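The values are calculated or read from the model by the stated rules, or taken from the named source; none is laboratory data. Nothing here was measured: the structure is a model prediction, and the numbers come from that model. Cβ coordinates were reconstructed from backbone atoms using ideal geometry, including for glycine residues, and neighbour counts include every protein chain displayed.
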Amino acid sequence: MAWIVLVISGLLETAWAIALDRSAGFTRPLPTAVFGVALVLSMLGLGYSLRTIPVGTGYAVWVGIGAVGTAVAGMTVLGESASLPKILCLLLVVAGVIGLKYAH
């Protein structure tokens, strides 16, 4: 269960990062509210997961999911540039996250 919550928390990290961008410096109420809710839920899930997953592994997986999710959303939804080197680097992060899961 901790791993499922950790993955959801990583996805929520992606949500709050995108909402932070869309909040325009906290001047837009809806994205600001989404940011706050997603941030709190993401942290709560991370905290729950770290009850059974070692902190180094859990935090690295959480950050990896959030970073890859945010980068992919930026490239696919927000119009950020996508290049082969960027995609290969993101695949390396994904491989590292999977490796940490199985090394645990």
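Below, the figures for the structure above:
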item	result
Those helices (runs of 4 or more DSSP H) lying entirely in the stretch 1-103 with at least 1 residues among the polar types (S, T, N, Q), at pLDDT 95 or above and touching a helix residue (DSSP H, G or I) at 6+ places or on another chain (Cβ under 6 Å)	2-22, 29-49, 55-76
Scan of the stretch 82-104 for residues that are touching a residue at least 12 places away in the same chain (Cβ under 8 Å), under 13 Å from ALA60 (Cβ atoms) and over 15 Å from the mean Cα position of the chain (by Cα), ordered by number	LEU100, LYS101, ALA103, HIS104
Every pair of residues 6+ apart whose Cβ atoms lie under 7 Å, when the first sits in the stretch 1-17 and is over 18 Å from ILE98 (Cβ atoms) and in contact (Cβ under 8 Å) with a residue 24 or more places away in the chain while the second is of a type in the set (S, T, N, Q) and assigned to a helix (DSSP H, G or I)	LEU12/SER42; TRP16/SER42; ALA17/THR70
Total residues in the stretch 44-66, condition closer than 21 Å to VAL93 by Cβ and surrounded by 14 or more Cβ atoms within 10 Å (Cβ to Cβ)	15
